[in-house]
Amino acid sequence: QVQVVESGGGLMQAGGSLRLSCAVSGSIFSIMRMGWYRQAPGKQRELVARIRSSGSTYYADSVKGRFTISRDNAKNTVYLQMNSLKPEDTSVYYCNAFQDWNEYWGQGTQVTVSS
């Protein structure tokens with residue numbers, strides 16, 4: 001059974017930084033495609049960043065140059081380093097693991113950025 005657990009959210013002032021972590025168990029992490037999504041109240045869930053098993057990355061335009069996704073296969077963990085945070089980054093952030101047409105979600109972690 002695959003488990004996905006996020007951590008690292010919190011309250012931060014605009015311009016600050018936070019790092020989210022996502023630990024995965026129950027599968028072969030190194031071959032999984034990992035992603036961070038976010039969902040603000042009243043809005044659809046959107047893809048923020050994604051990293052493939054090869055290490056190639058994708059970023060939404062709204063976070064390019066500010067957020068960095070990385071993975072540590074030895075620790076079965078993916079990270080999202082968020083710098084220069086803006087109030088519009090306020091959302092619940094979800095970690096997603098994708099493998100063999102199955103996807104798994106974490107419970108989400110709240111990130112709140114005050115102006």
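Of all residues in segment 1-28, those that are under 15 Å from the mean Cα position of the chain (by Cα) and open to solvent by less than 50 Å² (accessible area, probe 1.4 Å) total 11.
Within segment 63-78, the residues that satisfy the criterion of being in a strand (DSSP E or B), farther than 15 Å from Ile28 by Cβ and either open to solvent by 30 Å² or more (accessible area, probe 1.4 Å) or modelled with pLDDT under 95 (or both) are Thr68, Ser70. Considering only residues that are open to solvent by less than 40 Å² (accessible area, probe 1.4 Å), within 15 Å of Leu11 (Cα to Cα) and within 15 Å of the chain's Cα centre (by Cα), which ones fall in segment 98-115? Within segment 98-115, Gly108, Thr109, Val111 qualify. Restricting the first member to segment 51-78 and to residues that are more than 17 Å from Tyr94 (Cβ to Cβ) and without any contact (Cβ under 8 Å) to a residue 40 or more places away in the chain, and the second to residues that are part of a strand (DSSP E or B) and among the hydroxyl-bearing types (Ser, Thr, Tyr), the beta-carbon pairs closer than 7 Å and six or more apart or on different chains are Ser70/Tyr79.
The values are calculated or read from the model by the stated rules, or taken from the named source; none is laboratory data. Remember, predicted model here, so these are calculated numbers, not experimental data. No Cβ is skipped: glycine too gets one built from the backbone with ideal geometry, and neighbour counts run over all protein chains shown. Accessible surface is based on the protein model in full, side chains and every heavy atom, while ligands, DNA and RNA are left aside. Shrake-Rupley method; radii C 1.70, N 1.55, O 1.52, S 1.80 Å.
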